[in-house]
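First comes the structure, then the notes that go with it.
None of the figures in this text is laboratory data; all of them are computed from the coordinates on show. Keep in mind that what you see is a predicted model, and the values were worked out from it rather than measured. Cβ atoms come from the backbone with ideal geometry, glycine included; neighbour counts cover every protein chain shown.
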Amino acid sequence: MKQNYWHKKPSSFAETVQLVENYVQEEIIRETQNKQLYYHTLDHALAVKRRANRIFQEIKFLLSESTSAGELNRLNCLINLCAMAHDMVQLFEPSTSSDRPRKRQTGVSEIATANKLIEYIQSLNQELTTDELDPSVLFSDRDRQIIYDAITATICERDPQASKASYSFSPYSIYQPYLYNSQSKISIVGSIIALADLGTLGIEGIENYVQDGILVFLEDNLDLKDLIINCNYAAIQNKDQVRARLLKMTRFMVSLAKERQARFEIEVAGFSPQARQILRDKIFIYFDVENIKKIETVVPTHENTSLPELTDFFCLSKHQNFA
């Protein structure tokens, strides 16, 4: 291991997990700086951790019927870690052009993240292992399996049923196949992390959802950084082409919002009936017709929308949560 993140060895599994979270945080910050990330940052990791914890805490009493308190605490630690780490590595395809969107291959970043994290955990286990140390303080084989499962659960793919199914409103529909797999899961952690990762709209509402969409677009379209950060389109070349790119993104944001709502019942089908009711009533409270209509109103998608109007929408300084 290149760096120790402790002054004394941990005395509990929670303390061991915190050591790994410290490592993950440093890796995210480094990745953000090295690759000019705007969405896959520490803020996103913390937001997913917050949402995942909210889900877990609300359904914890149901899980306690079949799971011991000690195991629930361990699962909570793993949820925190997986939420923080799920986007730790971001790998882009090589590009020879600076005026084209950056692209990623499906699943490559998530698998690289899971492998890097597991490798670190294995090294940490080896370094911490002594005859005197309680083995429960270390990561077990099952813990590592849960971590790999949860991080790869967040992989998004283009839906083969795009524009065909009742829950698809765009030829660019994306989904997390993990939540559609009816096979039994190793634990509930993967489903919670997957729901939390794409849960901004349903859990936190329109403002955060719109800001996330703009940050995703900025991260993948660095050539438009001046337009999005400084709200300046005057120096933009090929204005018609840029307008088309912005309009394509706003339309995607609206269709994705509609799909998030339409897919919800399918994606929570693996939870118990009681848990599903809690998710509907207490967690994903913004999935209603009124909020979807509001998104359609505030996000400009009309074919005649001008570049200045789109610039005004994408301007980050006009969105209250951005600092």
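What are the residues whose amide H is under 5 Å from the amide H of residue 174, where those residues sit 5 or more places off or on another chain and H is modelled from the backbone?
159
Give me 48, 108 ranked fewest to most by other Cβ atoms within 10 Å of their Cβ, as a rough exposure proxy. Working shown, then result.
Values: 48 25, 108 15.
Fewest-to-most Cβ neighbours within 10 Å comes out as 108, 48.
Figure the gain on full extension for residue 97 and residue 142 (residue separation times 0.36 nm, minus the Cα-Cα span) and round it to one decimal in nm. Numbers along the way, then the final one.
On the way: separation 45, 0.36 × 45 = 16.20 nm, distance 4.37 nm.
Roughly 11.8 nm would be gained on extension.
Which whole-number percentage describes the relative contact order of segment 118-248, with Cα contacts under 8 Å and a sequence gap of 6 or more? Walk me through the numbers on the way to the answer.
Values: 84 pairs, mean separation 20.9, N = 131.
Relative contact order of segment 118-248: 16 percent.
Give, in nm to one decimal, the length gained when the segment between residue 266 and residue 163 is fully stretched (0.36 nm per residue of separation minus the Cα-Cα distance). Can you show the working numbers first?
On the way: separation 103, 0.36 × 103 = 37.08 nm, distance 1.68 nm.
In short, 35.4 nm is gained.
Largest first, please: the extent of the C-alpha atoms of the chain along each principal axis, to the nearest Å.
70, 46, 34
Whole-Hz Karplus ³J(HN,Hα) for segment 173-180, in order, using 6.51 cos²θ - 1.76 cosθ + 1.60 and θ = phi - 60°, x for Gly and Pro?
4, 10, 7, 9, x, 3, 6, 9
Give me the distance in nm between label points sitting 7 Å out from Cα along the Cα-to-Cβ direction at residue 67 and residue 130, one decimal.
3.2 nm
At what distance in nm do the modelled label points of residue 57 and residue 282 sit from each other, each positioned 7 Å from its Cα along Cα→Cβ?
1.1 nm
For segment 1-83, run through the chymotrypsin sites (Phe, Trp or Tyr not before Pro) and keep only the ones in DSSP coil with at most 16 other Cβ atoms within 10 Å of their Cβ. Walk me through the numbers on the way to the answer.
Working: sites: 5, 6, 13, 23, 38, 39, 56, 61; in loops: 5, 6, 38, 39.
Passing both the DSSP loop test and the Cβ count: 5, 6.
Work out the charge dipole of the chain with +1 on the Cβ of Lys and Arg and -1 on the Cβ of Asp and Glu about the Cα centre, then indicate which of 115, 156, 88 is farthest towards its positive end.
Value: 156.
Taking DSSP loops as anything outside H, G, I, E and B, show the longest stretch in the chain free of GluC sites (Glu not before Pro) there with at most 11 other beta carbons within 10 Å. Numbers along the way, then the final one.
Details: sites that count: 65, 132, 303.
That would be 133-302.
Tell me, which cysteines of the chain are without a disulfide-compatible partner by the Cβ under 4.7 Å rule?
Unpaired cysteines in the chain: 77, 82, 156.
Given charges of +1 on the Cβ of Lys and Arg and -1 on the Cβ of Asp and Glu, with all other atoms neutral, how large is the dipole of the chain about its Cα centre, in debye to the nearest 20? Each step should come with its number before you reach the end.
On the way: 36 positive and 42 negative charges, 118 e Å.
It comes to approximately 560 debye.
Which loop-located trypsin sites (Lys or Arg not before Pro) does segment 105-175 contain, where loop means any DSSP state but H, G, I, E or B and the Cβ has at most 14 other Cβ atoms within 10 Å? Let's see the in-between values first.
Details: sites: 116, 142, 144, 158, 164; in loops: 164.
For trypsin sites (Lys or Arg not before Pro) across segment 105-175 that sit outside H, G, I, E and B with at most 14 neighbouring Cβ atoms in 10 Å, the list reads 164.
How long is the gain from residue 172 to residue 26 if the chain were fully straight, where each residue apart is worth 0.36 nm and the alpha carbon distance is subtracted?
Full-extension gain reported as 49.2 nm.
Taking neighbour counts of Cβ atoms within 10 Å as a proxy for exposure, in what order, fewest first, do 222, 195, 75 appear? Write out the running numbers ahead of the final one.
On the way: 222 17, 195 26, 75 20.
Result, fewest neighbours first: 222, 75, 195.
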